[in-house]
1. Looking at S50, S54, which one is open to solvent by less than 20 Å² (accessible area, probe 1.4 Å) and polar (S, T, N, Q)?
2. Hey, among G189, G267, which residue is open to solvent by less than 70 Å² (accessible area, probe 1.4 Å), outside any loop (DSSP other than H, G, I, E, B) and free of Cβ contacts under 8 Å to residues at least 12 places away in the same chain?
3. Go through G85, G76 for me and flag whichever is within 13 Å of the ligand (Cβ to nearest atom), modelled with pLDDT of 95 or more and part of a loop (DSSP other than H, G, I, E, B).
4. Give the residues of region 140-149 that are away from the ligand (no atom under 13 Å from the Cβ) and outside any loop (DSSP other than H, G, I, E, B), sorted by residue number.
5. Among (1) open to solvent by less than 30 Å² (accessible area, probe 1.4 Å); (2) in contact with a helix residue (DSSP H, G or I) (Cβ under 7 Å, 6 or more places away or on another chain); (3) within 16 Å of the ligand (Cβ to nearest atom); (4) farther than 20 Å from A266 by Cβ, there is one condition T44 misses while meeting the rest; what is its number?
6. What number of residues in region 21-55 are among the aromatic types (F, W, Y), at pLDDT 95 or above and either in contact with a strand residue (DSSP E or B) (Cβ under 6 Å, 6 or more places away or on another chain) or assigned to a loop (DSSP other than H, G, I, E, B) (or both)?
7. How about region 115-138: which of its residues are free of Cβ contacts under 8 Å to residues at least 60 places away in the same chain and part of a strand (DSSP E or B)?
8. Could you list, in sequence order, the residues of region 124-139 that are open to solvent by 40 Å² or more (accessible area, probe 1.4 Å) and of a type outside the set (G, A, S)?
Amino acid sequence: MSSRVSLPLMVNEPGTGHAPVAPFLRLSALWIQVTGTWCNLECTHCINSSGPASPWLKPLAPEIARNAIREADELGVKEIYFTGGEPFLHGEILALLAEALEVAPTTVLTNGTLIDPAMADRLAGLARDAAYSLEIRVSLDDVDPEQNDRVRGRGAWAKAVQAIERLHARGLLPIVTATEISNTDATPGLYERFRDFLRSLGIERPRVKIMPVFALGRQAGQAGGDGERLSGASLEGFDTALLQCSDTRVVADGGVYACPILAGLAGARRS
Ligand code: SF4
């Protein structure tokens, strides 16, 4: 793969097969799938089947991520996101975060298990010195350890909660990201349960993001049937400028892709 990644701004590329076509209007958000599908956990609902062994999507070489940040800056990017896999497994993650923070507000999506006191100190230092804001989203699927670890693996809850407390203690306000996977019966109260739990930790301004479970990756087929596929007809009358792929690109192993969920899939590759 070339170390030069080209972001195809203002190019409306044809769809693949019968897939709907959405125009690419501008680059607002750059996602960097920095560790590919390499993760130290192996969650049952992982949308890209990440895990510790033989990631099907390889981690990015640092120079690929750096070039993408530079080019995105030239194109006026407004937000940068780091995801994986688990971004804190990448040996250059702190240096890459520092470079991204010179360009735009930057968010890391993490399972929190690798944020020990030293890492929390370094992240707080980065946030303090940065031109733009640093957001850290920590995944936690239930306030109950057993329910969480049933889908995320033994010990994941305790490490994620420690990370949340460490970040909060250093003045960072982590966003706790929960899926509805272990909460189907209690979904109406899910946000409130997290809010109250975080307050019980002494976090006076809880930030919680609730995500649906997608029938993708390890959950593929769990929802029953083959699932409905989008077609051009599905989008008739819909303002495609509202679609994430109209102003977002993802750099991941193999090139630039239209959407974070589709990173690594040949049909979603834009360059
Ligand atoms: S959901 Fe997140 S933490 Fe879990 S295996 Fe996938 S990338 Fe790793």
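The values are calculated or read from the model by the stated rules, or taken from the named source; none is laboratory data. Given the structure is predicted, the values throughout are model-derived calculations rather than measurements. Quick reminder, even Gly has a Cβ in these numbers, built from the backbone with ideal geometry, and neighbours come from all protein chains shown. Heads up: the accessible areas ignore ligands, DNA and RNA and are worked out on the full protein's heavy atoms, side chains in. Shrake-Rupley method; radii C 1.70, N 1.55, O 1.52, S 1.80 Å.
1. From the options S50, S54, the qualifying one is S50.
2. G189
3. Numbers: G76 fails: within 13 Å of the ligand (Cβ to nearest atom).
One residue alone meets the criteria, G85.
4. Across region 140-149, the qualifying residues are P145, E146, Q147.
5. Going through the list (1) open to solvent by less than 30 Å² (accessible area, probe 1.4 Å); (2) in contact with a helix residue (DSSP H, G or I) (Cβ under 7 Å, 6 or more places away or on another chain); (3) within 16 Å of the ligand (Cβ to nearest atom); (4) farther than 20 Å from A266 by Cβ, T44 breaks only (1).
6. The first filter runs over region 21-55 and keeps only residues among the aromatic types (F, W, Y), leaving 24, 31, 38.
Imposing the further condition that a residue be at pLDDT 95 or above reduces the set to 31, 38.
Then keep just the ones that are either in contact with a strand residue (DSSP E or B) (Cβ under 6 Å, 6 or more places away or on another chain) or assigned to a loop (DSSP other than H, G, I, E, B) (or both); that gives 31.
The qualifying residues number 1.
7. Selection gives L134, E135, I136, V138.
8. R128, D129, Y132, E135, R137
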